[in-house]
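Just so you know, all these numbers are worked out from the coordinates, no wet-lab data involved. What you see is a predicted model, and the numbers here were worked out from it, not measured in a lab. When we count neighbours, we look across all protein chains shown, and the Cβ atoms used for this are built from the backbone with ideal geometry, even at glycine.
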Amino acid sequence: MTRQEILDTMNLVMTKKGREPITGETVSTRSVNFRSLDFSEVALRIEAKLGRELTFDAAAMRNIDTVKDVLDFFENATV
Amino acid sequence: MDAMIDPQASIGANVRFGAGVRVYANVEIGDDCSIGDFCILGHPGPGDNGPLRLGPGATVRSHSVLYEGSTIGPKLETGHHIVIREQSQIGENLRVGNFSDIEGTCRIGDFTRLHGYAHVGKGTRIGDFVWLFSLTTTMNDPLPPSHIEDPVTIGDMVTVCVNAQCMPGTEIGRGCLIAAGAVAEGVIPAGQVVGRDGIEGPVNFAMHMATRTRHPWHKHFADAYPAHAQGRIQALGADIEAALLAAT
């Protein structure tokens with residue numbers, strides 16, 4: 001799954017909840033109001049699109065801070 | 001110290017009393033109950049409340065106080081130092097953690113769980129298979145102190161996490177998850193997550209990703225309940241899940 005497709009999925013979740021779409025990678029998830037529930041919704045939507053379950057590393061998830069971290073995380077998980 | 005059991009109280013078979021227990025006259029206790037040290041059963045409340053009816057198989061741990069006028073279903077299990085005030089109607093197998101209190105005129109369904117230090121405000125309506133974790137509060141006075149009573153209603157299979165507060169008059173739909181530290185208010189549709197900033201989204205997106213454990217909880221925690229509850233849990237969970245799938 002491409003980085004842009006992952007960002008599009010994030011923005012689908014954001015706009016569905018009436019929030020501004022994310023445009024930059026360097027901002028923190030907190031500052032753009034991308035919450036933990038949004039994170040798991042993105043994961044489940046990606047899995048639905050791919051038709052398979054992803055494997056998540058709990059330790060890696062704890063280090064997520066920025067939008068770039070989220071994109072990196074899902075990019076690695078969908079390889 | 002001997003227990004003080006009023007001879008007019010109705011005591012079932014195989015009921016055990018600890019030291020210093022007091023049982024008032026207007027108490028009916030079912031079979032096979034265990035009442036811990038220094039408990040008070042049938043404590044007088046304001047006005048005429050009728051008897052306290054305690055169903056069979058109850059375990060009431062030490063220093064707990066159950067007022068007169070409540071009807072409590074089978075297999076109540078309490079921690080220490082809990083209080084259940086008068087005129088409450090409680091279903092089967094309620095569990096109440098240490099130091100929790102249930103104020104008067106509450107309605108609580110079957111198999112509901114309160115962890116320690118939960119405060120259930122007067123008149124609260126709680127459904128079946130509900131979880132209230134530690135330090136949760138349901139309020140009923142919108143302008144304290146006042147005589148206004150606007151109690152909280154909590155639907156079946158709702159989970160209210162640690163230190164969450166339910167404001168007066170809140171109606172929480174079945175299957176909702178109220179996150180730790182959240183403040184629930186207003187009418188919350190079924191199957192929603194309420195976070196610190198209000199309604200966050202459908203509960204079926206709430207997942208512990210490392211273990212893939214997801215809400216609604218009937219798929220990963222039904223084993224904590226007895227066999228005869230399983231059908232109801234599965235049916236309720238399936239209802240909530242179907243509604244969520246239709247909405248998302």
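One table, with the values for the structure above:
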| read-out | value |
| --- | --- |
| Sequence-distant residues sharing a close amide H with B:Ile5 (under 5 Å, placed H) | B:Val23 |
| Euclidean distance between Cα centres, region B:67-139 to region B:1-51, Å | 18 |
| Over 25 Å between alpha carbons, listed pairs A:Lys16/A:Lys68; A:Lys49/B:Lys219; A:Lys68/B:Lys219 | A:Lys68/B:Lys219 |
| Spatial extent of the protein assembly as shown: Rg and Dmax, with the Cα atoms as the point set, Å | 23.4, 78 |
| Dipole moment magnitude, nearest 20 debye, chain A about Cα centre, only Lys, Arg, Asp, Glu C-beta charged | 260 |
| Residue among A:Leu44, B:His208, B:Gly109 farthest towards the positive dipole end of the protein assembly as shown, charges placed on Cβ | A:Leu44 |
| Whether chain B is rounded, prolate or oblate, judged on the alpha carbon gyration tensor where a/c under 1.5 counts as rounded | prolate |
| Per-residue average of Cβ from other chains inside 10 Å of A:58-71 | 1 |
| Angle between chain B longest axis and helix B:230-247 axis [Cα atoms, degrees, rounded to 10] | 30 |
| Using distinct alpha-carbon pairs, which all enter the 1/r mean, Kirkwood radius of chain A in Å | 12.5 |
| Full-extension gain in nm, B:Gln234 to B:Ala246, via 0.36 nm per residue minus C-alpha separation | 2.5 nm |
| FRET efficiency estimate (nearest 0.05) - Cβ-Cβ, B:Val187 to A:Ala59, R0 51 angstrom | 0.80 |
| Shielding of A:29-37 by partner chains, average beta-carbon count, 10 Å | 3 |
| Within 10 Å of each Cβ in B:196-204, the average number of Cβ atoms from other chains | 3 |
| Dipole of the protein assembly as shown, positive end: most advanced residue of B:His220, B:Gly195, B:Ile90 [Cβ charges, Cα centre] | B:His220 |
| DSSP-assigned coil residues among GluC sites (Glu not before Pro) in chain A, each with at most 15 further Cβ atoms within 10 Å | A:Glu25, A:Glu53 |
